[in-house]
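**Q** What follows is a single structure, and I will ask about it in a moment.
The values are calculated or read from the model by the stated rules, or taken from the named source; none is laboratory data. What you see is a predicted model, and the numbers here were worked out from it, not measured in a lab. Don't worry about glycine lacking a Cβ; one is built from the backbone with ideal geometry, like all the others, and counts go over all protein chains shown.
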Amino acid sequence: MTEQAFDYVIVGGGTAGAVVAARLSEDPGVRVGLVEWGPSDRGEPRALQVRRWFEMLEGEYDLDYRSVRQPRGNSHIRQARARILGGCSSHNTMIALRPPAADFADWAQRGASGWGPEILLPYYDRLLTHIVPVATEHRNPYLADVVQAAAAALAIPVMERWNDRPYADGVGFLELGYYPATGVRSSSSVDYLHQIMDARANLSTLLSTRVLRVLVDGERRATGVQVRHPDGSAGLVFARREVVLCAGAVDTPRLLLLSGIGPAADLREIGIGVTCDSPGVGRNLSDHVEGLLVWEAARPVPPVGATDWDISIMARVDPASPVPQILAHVPLMTYAVHAERLGYLIPEHAITMTPNVTRPRSRGWVWLGSPDPDTAPLIDCGYFTDPDGHDERMLVAGVALARRVAATDPMSRWAGREVFPGAQVTGEAEISALERAASNTVYHLSCTARMGADTDPGAVLDPQLRVRGVTSLRVADASAFPSLTTVNPMVAVLMLAERAADLIRAGH
C-alpha cells in the first residue's frame, strides 16, 4: 500500500476543487494534494470545446447516476456527474450567472453567518473565469426573435448584461464562461489549473485516483483519505492540516457516509460503524427541475450558437417575490426523450422551451444501500413533494408563460403546431400530470451537506465549512449550500470555493 502526505488534501478536482487547490497552493510553504477520480481534461476536445458539451453526457466521463422512483415526478431521469478534471465545469453549458443578492441574504438568514451578499458578492470579481456575453457571431437570429417576443409578451426588459446589476425579471442572451474566438470553455481546470499543474512544485495532482473514504482517528480528527490508484492498488494520502471534500452534492455526502459520518441509525442499518452522528448528511437535496414544451418548427432554425443554450427568460409569478420564480431556457437543440417515452412523436424540425422552478421547495435525499463504495449511491430527488404544492404551481405557471411567448410575434413566426404537451391540453391538472411525467433535471443538485447555525441540528457544516463533530475536515462544493441559488449555480460554486480558500488559510 502506497503512502503520501500533504498539508492539504483536496478531494475532487471539479468546479470547486480546482479553485481551492489552486488558491491554497499559491503559498509555496504548503504542499497541496489534489485527488481527482477521473483523468485530465487536457487533450480532450469534447471537454474543452463548450459547444461539444452534449457529447460528454452519458459517456465515459459521466457517472450517470439514477434516481429512485419518483411518486410525483419523472422516475427516468439520468443525473449527470462528471468524472474528469474540471468536473461539471468540463461538462456543462458554462452558463455563468452571478446569483442575485437575495440568494445570499437567504443563506445568511438560514444561519450561514458570514455568507451574506455584502461579503460574498465581491468574490465574483476575483474569479479567474472568463465570463462574457454570448458573442455577436454566435447569436442565433431565431433566439434573437424569442428575446424580442418574450420582452413584449411578458413586459420584461431585454438584458444586455446580467451580471453587472441587480435583476429580477428579464430576457436576453446569457453570459457564459468561454473564449468566443476559440470556443474553449473557461472551466475551473482551464483557468485555475492548466497553467500551474506542471509549474507549481508544491501542487500534486493525483489523476484517475478514487477516494474511498476519509480517515478519522480516535480523537475524531480527519487525517487523510484512503484511495484506489489507477492500477487498482490501495493507498493512503495523509493530510497534515486538513482534508477538504469537493466531490459534489452526491459524492461528498456519499464519502461522509462511507466514512461513518451521517445519521447513526441509517449507518448502522447497512453495517457502517458510526464515527460521528450527523443527521443532516445527505438530506435536504435540492435541484432545479424543468418542464418541457415542444412546437413543430414553422421554418428551419439556423445552426448558429455558442452552446445551443444561449438565452434565458426570467420572470416572477408573484410581483412581491425578491427573485424570478420561473427561469425558462430556450435551447436550439430538442431534448424530448421523456416526452417520446410517453408516446409523443417529436418532429425532425422542432423548437422547445424548458421552464424551470428557480426556488424549489421540494427536498430529496442521498444515502447508501450498501457499505461497498462500488455500489452506486441511492438518490431520491423528491421532485414535486413540497407540502404546499409550490413547485407544481410554478411548473404550470411556466407552461403558461412559455405559451404566451410562443404566441407573440416574432417567435410566433417560428412556432407551428404545439407537439407537447399539445394545444388541447389546457386544464391545470392535466398540464401538471404531463409536465411532471416528462420533467427533467437541470443538473443542479445541491444542499446535501449544508452549512448553518450551531443551533441547527440538520446543519452538517458550520459557517466556516467545517464538518461538525470531526476536526480538520471541511466541505467546499454545492453540497454546502444552505439553499439552491435562483440561477444556474456554477458561479456560486466558484465564489464559494474562493471564499473557502480564504477561510482555510485564515484558520492556519
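**Q** List pairs: first in the range 33-59 and under 29 Å from A239 (Cβ atoms), second small (G, A, S) and surrounded by 24 or more Cβ atoms within 10 Å (Cβ to Cβ), Cβ under 6 Å, 6+ apart or cross-chain?
**A** L34/G13; L34/A21; E36/G13; D41/A47; D41/G86; D41/S90; D41/S189; A47/S90
**Q** Between P463, P457, which is in a loop (DSSP other than H, G, I, E, B), more than 20 Å from G114 (Cβ to Cβ) and out of contact with any His (no Cβ under 7 Å at 6 or more places or on another chain)? Outline the logic, then answer.
**A** On the way: P463 fails: more than 20 Å from G114 (Cβ to Cβ).
Matching residue, one of P463, P457: P457.
**Q** I've got another one for you. If a residue has to be surrounded by fewer than 19 Cβ atoms within 10 Å (Cβ to Cβ) and either in contact with a Pro (Cβ under 8 Å, 6 or more places away or on another chain) or more than 16 Å from S186 (Cα to Cα) (or both) to count, how many in the range 128-140 make the cut?
**A** Within the range 128-140, residues that are surrounded by fewer than 19 Cβ atoms within 10 Å (Cβ to Cβ) and either in contact with a Pro (Cβ under 8 Å, 6 or more places away or on another chain) or more than 16 Å from S186 (Cα to Cα) (or both) number 5.
**Q** Scan the range 175-195 and tell me whether some residue there is surrounded by fewer than 17 Cβ atoms within 10 Å (Cβ to Cβ), closer than 30 Å to A239 by Cα and not aromatic (F, W, Y).
**A** yes
**Q** Shifting gears a bit: Which residues, counting only those in the range 330-345, are of a type outside the set (K, R) and in contact (Cβ under 8 Å) with a residue 60 or more places away in the chain? Step through it out loud before you land on a result.
**A** Step one: list which residues in the range 330-345 are of a type outside the set (K, R), which gives 330-340, 342-345.
Residues satisfying the conditions are V330, L332, M333, Y335, A336, H338, A339, L342, Y344, L345.
**Q** For the condition over 26 Å from N92 (Cβ atoms), assigned to a helix (DSSP H, G or I), within 30 Å of the chain's Cα centre (by Cα) and modelled with pLDDT of 95 or more, what is the one hit in V405, V396? Walk me through it before giving the result.
**A** Values: V405 fails: over 26 Å from N92 (Cβ atoms).
Answer to the check: V396.
**Q** Take the residues of the range 377-388 that are assigned to a loop (DSSP other than H, G, I, E, B) and surrounded by 15 or more Cβ atoms within 10 Å (Cβ to Cβ): which is nearest to the chain's Cα centre (by Cα)?
**A** By that ranking, first place goes to C381.
**Q** How many residues, within the range 311-343, are hydrophobic (A, V, I, L, M, F, W, C) and closer than 21 Å to L174 by Cβ?
**A** Selection size over the range 311-343: 11.
**Q** Could you give me the residue pairs with C-beta distances under 7 Å whose first residue belongs to the range 226-250 and is under 27 Å from R283 (Cβ atoms), whose second residue is among the polar types (S, T, N, Q) and part of a strand (DSSP E or B) wherever it lies, and which are 6+ apart or on separate chains?
**A** Matching pairs, first to second residue: A239/T223; A249/S446.
**Q** Given the residues V244, V281, which is the only one that is assigned to a loop (DSSP other than H, G, I, E, B) and either among the β-branched types (V, I, T) or in contact with a strand residue (DSSP E or B) (Cβ under 6 Å, 6 or more places away or on another chain) (or both)?
**A** Being assigned to a loop (DSSP other than H, G, I, E, B) and either among the β-branched types (V, I, T) or in contact with a strand residue (DSSP E or B) (Cβ under 6 Å, 6 or more places away or on another chain) (or both) holds for just one of V244, V281, which is V281.
**Q** Now for a separate question. Might you let me know whether the range 141-154 holds any residue that is surrounded by fewer than 22 Cβ atoms within 10 Å (Cβ to Cβ) and in a loop (DSSP other than H, G, I, E, B)?
**A** no
**Q** Okay, next question. Restricting the range 54-71 to residues that are over 20 Å from T375 (Cβ atoms) and touching a Lys or Arg at 6+ places or on another chain (Cβ under 6 Å), which is surrounded by the most Cβ atoms within 10 Å (Cβ to Cβ)?
**A** Result: Y61.
**Q** Could you check E296 against (1) over 19 Å from P371 (Cα atoms); (2) at pLDDT 95 or above; (3) in contact with a helix residue (DSSP H, G or I) (Cβ under 9 Å, 6 or more places away or on another chain) and say which number it fails?
**A** (3)
**Q** Moving on. I'd like to verify a number: residues in the range 60-102 that are touching a Gly at 6+ places or on another chain (Cβ under 7 Å) and either without any contact (Cβ under 8 Å) to a residue 60 or more places away in the chain or not small (G, A, S) (or both), how many?
**A** Selection size over the range 60-102: 7.
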